[in-house]
Amino acid sequence: MKKTVMMSLLLSASLFAVDYSSVVENPSASEMIKKDLLAPAKIFTMPAGCITTNPKAIARGAFIFHNLNGGKVKGKLPEGLAKKQMKQGKTYKPGDKIPNKQYGNCVACHNIEGARGAGSIGPDLTAYNDIFMATGVRDNQFVFQKIADPRIDNKDTHMTVNLTTKLFTTKEICEITSYIVSPK
């Protein structure tokens, strides 16, 4: 009896066995790694007029610095920023989901005036203007480059590579830089 049941089960299973190899994905790990690799570190020249004392631009820089993304932003967005951002080069049709705008969340690693839950992984940016800018130890180009692609002088940095990856636009990096170097 047991042998008959077992044979019946095996026969039934073999009748329904199907070759699924054609529908199973076999991704190339090498291709995936190539796709995920960052482009080489790049030196960016800060555009003319990048640094501003315009309160609206500094407010946008501060907002980007202190927030993570459009879906979880804290507080009212300053003029010129949005919770959602269309991806460049993509055509959206009615009903398509527009992704949340990714902001900086710089405070996850850096402390600065007014920071909540500021991190201690990266350098403390509190009083940056007084300590570094007013004394001439650092200049606007240095800060702009650090935000755009910090790998230029530290290939092992864990800081986000913002302009090389196009996480931010040049204008957004100018506004973040303006916020950091501004007197608080």
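Of a type in the set (A, V, I, L, M, F, W, C), within 16 Å of Ala62 (Cβ to Cβ) and over 17 Å from the mean Cα position of the chain (by Cα), is that true of Ile173? Judged against the criteria, Ile173 is not a match.
Please state which one of Phe168, Phe132, Phe144 is out of contact with any helix residue (DSSP H, G or I) (no Cβ under 7 Å at 6 or more places or on another chain), under 15 Å from Cys50 (Cβ atoms) and hydrophobic (A, V, I, L, M, F, W, C). On inspection, the qualifying residue turns out to be Phe168.
Which one is farthest from the chain's Cα centre (by Cα), of the residues in segment 25-78 that are basic (Lys, Arg) and under 22 Å from Thr165 (Cβ atoms)?
Filtering segment 25-78 for residues basic (Lys, Arg) gives 34-35, 42, 56, 60, 72, 74, 76.
Those still in the list that are under 22 Å from Thr165 (Cβ atoms) too: 34-35, 42, 60, 72.
Values: Lys34: 19, Lys35: 16, Lys42: 17, Arg60: 16, Lys72: 14 Å.
Applying the filter and picking the extreme gives Lys34.
Checked against the criterion of being closer than 29 Å to Lys76 by Cβ and in a helix (DSSP H, G or I), the candidates Lys171, Lys184 yield just one match: Lys171. Which pairs turn up if I take residues in segment 44-63 that are touching a residue at least 24 places away in the same chain (Cβ under 8 Å) and look for partners that are surrounded by fewer than 12 Cβ atoms within 10 Å (Cβ to Cβ) with beta carbon separation below 7 Å, at least 6 apart in sequence or on another chain? What qualifies is Lys56/Glu79.
Of all residues in segment 158-184, those satisfying the criterion of being among the β-branched types (Val, Ile, Thr) and under 14 Å from Lys42 (Cα atoms) are Thr160, Val161, Thr164, Thr165, Thr170.
Quick one: in segment 22-61, of everything that is assigned to a helix (DSSP H, G or I) and modelled with pLDDT of 95 or more, which residue is surrounded by the fewest Cβ atoms within 10 Å (Cβ to Cβ)? Here the answer is Pro55.
Where residues in segment 122-151 are under 18 Å from the mean Cα position of the chain (by Cα) and either in a helix (DSSP H, G or I) or hydroxyl-bearing (Ser, Thr, Tyr) (or both), which of them is surrounded by the fewest Cβ atoms within 10 Å (Cβ to Cβ)? First the steps, then the outcome.
Pass one, segment 122-151, residues under 18 Å from the mean Cα position of the chain (by Cα): 122, 143-151.
Restricting the remaining residues to those that are either in a helix (DSSP H, G or I) or hydroxyl-bearing (Ser, Thr, Tyr) (or both) gives 143-148, 150-151.
Values: Val143: 22, Phe144: 24, Gln145: 22, Lys146: 22, Ile147: 24, Ala148: 23, Pro150: 19, Arg151: 17.
It comes out as Arg151.
Restricting attention to segment 62-106, and to residues there that are basic (Lys, Arg) and more than 20 Å from Gly117 (Cβ to Cβ), which single residue is surrounded by the fewest Cβ atoms within 10 Å (Cβ to Cβ)? Within segment 62-106, the match that is surrounded by the fewest Cβ atoms within 10 Å (Cβ to Cβ) is Lys93.
Go through segment 153-184 and give me each residue that's of a type in the set (A, V, I, L, M) and modelled with pLDDT under 95. Full working, then the answer.
At the first step, the residues of segment 153-184 found to be of a type in the set (A, V, I, L, M) are 159, 161, 163, 167, 173, 176, 180-181.
Matches in segment 153-184: Met159, Val161, Leu163, Leu167.
The values are calculated or read from the model by the stated rules, or taken from the named source; none is laboratory data. Because the structure is a prediction, the values reported are computed rather than measured. Glycine also receives a Cβ, built like all others from the backbone with ideal geometry; neighbour counts cover every protein chain displayed.
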